[in-house]
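Report on the structure given below.
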Amino acid sequence: MKTIDLETIIDQRRLYPHIAFIIISLLTVAFSVLAGNYSSSLRDQLELAILVFIYLEAFIFLARKIFRHPGPDTTSQEFLRNILFRFLIFYIACFFSALVIFILFRFINYWMNDLDLTKLIYNFFHFEFNSWFKSTIKGLSFGAVIFLFIQWMDALKRERKLKEKSLIFQNETLKNQINPHFLFNSLNTVSSLISTKPEVAERFISRLSSIYRYILDNSNKNKVSLQSELDFINDYFDLYKIRDEEKILLTIDAPNADSFWILPVSLQILIENAIKHNMATRENPLKISIYIENQHIVVKNNLQKMALQLKSTKIGLKNLAERISLITGEEIAIEETNTDFIVKLPLLS
């Protein structure tokens, strides 16, 4: 059964949250009338329903702004520490928003009924404020408790899912790097270089060691500096450059890389994907570009698809997309044209 998360429920770009607000507004009026706390006049009931609807729209809008997606290292414990501060800001913002909305609502009511607008503020604070204050505090408190509970459950679910995806990601990453094909090619390259180019063989072994050290040290983390990832990519690509010479070309344009963070080993997955599915010769080299564009790191390669495509489960790319979505709340962008394959990963600040 597909579950609907909090972001989907309160996404005001969709239609059904607004329908839900209308239903809640009508139910609020119905309960108020049945409890004998409100006028039986149809006009008064309609005004209350409209007011409650506006409140809900405003409160949910504020909630989306204040309770943003947790950071990449936010656990349930850290969530508990910072949620109280956010809740206080949310509560205060909602209270004053409700005050402004109610006064504006009363202003429209006075104006439509040709009442004395100069007495609006006086009448509100002397005759209406107490009842408004009590009802507003009750409504905010009830809504806040429900919202906090949903937020807490959402954080727990997100952390549990992130741990599961992290384990899968680590397993797939290590499996890709210790698969027989990769090891066979690497060892075969070292074997051929030892007798002919011992200094190059030493460099190759050093790069191979750095690659495994990086993967083992960082594959269980949620983020590393972009510069660290690029250094790792340079070591990784150096293996291909030694082995395949000029068949694969890599260019990197990432100024201020130390200012950004990224999911570890994510760029390597994309480069490996490009190499796996495209031909590369000295006459027609595979060209891979990595560059920063609008808070995204972009990996782009020219399309030179093999005549016989290797069977791909796309598990690596799928797991990468799911982890990034869980950590950042954003989606990766994948674009394929007649000449290029482009993947954009959101950068972390």
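One table, with the values for the structure above:
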read-out: Cα-based radius of gyration of the stretch 178-346 once divided by 2.2 N^0.38 Å, which approximates compact folds; value: 1.05
read-out: Efficiency of FRET from Cβ geometry, SER289 and ASN256, R₀ 25 Å, rounded to 0.05; value: 0.90
read-out: In nm, spacing of pseudo-spin labels at ALA93 and LEU317 (7 Å Cα→C-beta vector); value: 3.8 nm
read-out: Inter-label distance, nm, simple model (7 Å from Cα along the C-beta direction), SER141/ASP114; value: 4.3 nm
read-out: P(r) tail fraction, the stretch 218-301 - alpha-carbon pairs more than 16 Å apart, %; value: 51 percent
read-out: Pairwise FRET efficiency - LEU84 versus PHE124, Cβ, R0 = 25 Å, nearest 0.05; value: 0.20
read-out: Separation in nanometres of the label points that stand 7 Å from Cα toward Cβ, at GLU335 and SER206; value: 3.9 nm
read-out: Other-chain or far-sequence residues with amide H under 5 Å of LEU347's (modelled H); value: HIS296, ILE297
read-out: Estimated FRET transfer efficiency when R0 is 25 angstrom, pair LEU62-PHE107 (beta carbons, to 0.05); value: 0.70
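None of the figures in this text is laboratory data; all of them are computed from the coordinates on show. On a predicted model such as this, the values are computed, not experimentally measured, just so you know. Heads up, the Cβs are rebuilt from the backbone with ideal geometry, glycines too, and the neighbour counts pull from every protein chain shown.
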